[in-house]
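> A single structure is presented below for examination.
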Amino acid sequence: MSGRQRELTMRFLAEPTDVNYGGKVHGGQVMKWIDQAGYAAAVGWSGRYSVTVAVGGIRFVAPIRISDLVTVETVLVYTGTSSMHFAVDVRARDPMDEEGERLCTHCVIVFVALDETGKPVPVPVWTPVSDEDKRLSEYATQVMALSKGIEQAVARYRDADTSDR
């Protein structure tokens, strides 16, 4: 039943194998959790196999410690023809502590739905209704525009570097 699951929450436990020498969870592990939650959300929205095409505006705000209970929350904030943009918040807390969760990472992740041959297919349209939905939709488009600008700048420098040879 596609087009109905706009939000998805997954939980992970930060294990000893997830941490670096400083005792904090590797950024790559956090990105893996984001990708897994994003994939489940994209399939839940589109009803199709989906692939990651971009991650924008990723910000590591606070570290995740070993044994923390990690919550990855995704919410659909924009749809294109075949793409789905999700705002993702990663929060963590010590499961033995009464303190609340702390925001650790935030980003926007984009997936594209594919058919059996690997070609993009249309996804159900999502239209923002509330002011918060409109704000999140605008935020997602701004983050992805910034990411595209960075890609273009890198390409210009790469092209200039190869022309000097």
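> Taking Val121 as meeting all but one of (1) open to solvent by 100 Å² or more (accessible area, probe 1.4 Å); (2) modelled with pLDDT of 90 or more, write down the number of the exception.
Single failed check for Val121: (1).
> Further, regarding this structure: Considering each residue of the range 109-165, count those that are over 20 Å from Gln5 (Cα atoms) and hydrophobic (A, V, I, L, M, F, W, C), and give that number.
The qualifying residues number 9.
> May I ask you to say which residue of Val88, Val53 is touching a helix residue (DSSP H, G or I) at 6+ places or on another chain (Cβ under 6 Å) and aliphatic (A, V, I, L, M)?
Val88
> Restricting to the range 129-149, name every residue that is open to solvent by 50 Å² or more (accessible area, probe 1.4 Å) and of a type in the set (D, E, K, R).
Hits for the range 129-149 are Asp131, Glu132, Lys134, Arg135, Glu138, Lys148.
> Give the residue, chosen from Val70, Val53, Val30, that is in a strand (DSSP E or B), open to solvent by less than 40 Å² (accessible area, probe 1.4 Å) and among the β-branched types (Val, Ile, Thr).
It is Val70.
> Whether any residue in the range 79-100 is surrounded by 14 or more Cβ atoms within 10 Å (Cβ to Cβ), assigned to a helix (DSSP H, G or I) and among the small types (Gly, Ala, Ser) is what I want to check.
There is no residue in the range 79-100 that is surrounded by 14 or more Cβ atoms within 10 Å (Cβ to Cβ), assigned to a helix (DSSP H, G or I) and among the small types (Gly, Ala, Ser).
> Okay, next question. Among the residues of the range 88-97, is any within 17 Å of the chain's Cα centre (by Cα), more than 21 Å from Gln5 (Cβ to Cβ) and modelled with pLDDT of 90 or more?
Yes.
> Since Ile109 meets every condition but one in (1) part of a strand (DSSP E or B); (2) touching a Leu at 6+ places or on another chain (Cβ under 9 Å), which condition does it not meet?
Of everything listed in (1) part of a strand (DSSP E or B); (2) touching a Leu at 6+ places or on another chain (Cβ under 9 Å), Ile109 misses just condition (2).
The values are calculated or read from the model by the stated rules, or taken from the named source; none is laboratory data. Everything numeric in this text was worked out from a predicted model, so none of it was measured. Ideal geometry is used to build each Cβ from the backbone, glycine not excepted, and the neighbour counts take in all protein chains shown. Quick note on the areas: whole protein, heavy atoms, side chains included, nothing else; ligands and nucleic acids left out. Shrake-Rupley method; radii C 1.70, N 1.55, O 1.52, S 1.80 Å.
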